[in-house]
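What follows is one structure encoded as structure tokens, with my remarks underneath.
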Amino acid sequence: MKKRTSLIRLALVAVLLAQATGLCAQKNVEAAFASFKKEKAVKISESRSREADPATGTLIQRTDRIDFSFAADKNSLLDKLLSAFERDRDAAYDEFYHSGDGRRMQPILLGNEISVGTSKDANYVVMAFADKDTAVDGNPVNRTAYAVEWQYTEDDKTIAGSLYVVYGPLPRKSSLKVVRSISRSNLPETLSSYSAQLDNVDWSKLEEVLGDRGALIQRMMPGGTLNVDSLSGSLSGQSGMPFLYFFRKLSLGYQKALKQGKESTYYLTSLLDLCKKQHSAVSDDERQLCTDELQRLLEMTKAEFDRAVLQECMKLVGR
């Protein structure tokens, strides 16, 4: 009887170990996130959300977000987080990393309305792990994306940022690869080189990957067909760009960043760049609309630099 009980226990342990191997591909990152939340030196604000298909109840996305800040001399806390990502690196199917200054913004999509890398001063690590328990014919359906994004405050005394855990459908890798490659160039010949792959691209991802430009491109595709010349013109900024559409999107992005107390430089500088390039083609009615909008932004803006940029936009639009 003892022998039989021992064999049962051994079998149970083997099953549990096998399950743990599948479930804990990101075990170091999970443990590091949990430990970080308990640190007394860290101030945190935590939020959660869940989105499901109302018709079927199928999960679309589950998001945990933790905004944090701590004294810069406690940067060993950040080192622990980054070390955990490194230890789980081989188990991830995708990763993005940046640390240091002097770079252009490169938004990394984590899920619906969740992204990192939108600020030129942001550092980040992103890793995605396939959920093998949702596999169909050996191909995982869902994945979990983990991310830490951080930056130093202007006085260099505080490190502030966010942790994300986003669970949802696994993006179609081949589609994203093609779209990202297209987004890096404005040349028509680059688009032509991908013509053989375009039919297999999930074009619904365009807005997620390219943002406003992606949304514009989707509007150029009646019936799901793609006009390469229109795409080239849109990406190059030479034609097909609705000024008011981008102006309004950048204005809304700036307002949202102000209300949430987040970095808004990206929206301001993009707005200024748009006004520089397009002001001469704006109609009188459009000038009035933009001037009124800029005035509203000025009324809610206190930072001197931000106000100076907005005033420069007004000068350009008023010409």
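Between the listed residues 271, 281, 258, the Cα displaced farthest toward the positive end of the dipole of region 255-319, a dipole computed from Cβ unit charges relative to the Cα centre, is found at 258. Between the beta carbons of residue 46 and residue 280, assuming R0 = 45 Å, the FRET efficiency works out to 0.40 to the nearest 0.05. Per residue, region 249-315 exposes an accessible area of 60 Å² to a 1.4 Å probe, with every protein chain left in place. Computed on protein heavy atoms with a 1.4 Å probe, the accessible areas place 267, 164, 97 in the order 97, 267, 164, largest first. 3J(HN,Hα) along region 81-88: 4, 5, 5, 5, 4, 4, 5, 9 Hz, from the Karplus curve 6.51 cos²θ - 1.76 cosθ + 1.60 with θ = phi - 60°, whole Hz, x for Gly and Pro.
Are there trypsin sites (Lys or Arg not before Pro) in region 96-169 that DSSP marks as loop and that have at most 13 other Cβ atoms within 10 Å, and which are they?
Numbers: sites: 103, 104, 120, 132, 143, 157; in loops: 103, 104, 120, 157.
Passing both the DSSP loop test and the Cβ count: 103, 104, 157.
For the residue pairs 27/80; 40/157; 276/315; 38/74; 80/132, alpha carbon separations beyond 20 Å are given by 80/132.
The values are calculated or read from the model by the stated rules, or taken from the named source; none is laboratory data. Just so it is clear, the model here is predicted, and its values are computed rather than measured. Using ideal geometry, Cβ is built from the backbone for each residue, glycine included, and neighbour counts are taken over all protein chains shown. These area figures cover heavy atoms from the full protein model, side chains too; ligands, DNA and RNA do not enter into them. Shrake-Rupley method; radii C 1.70, N 1.55, O 1.52, S 1.80 Å.
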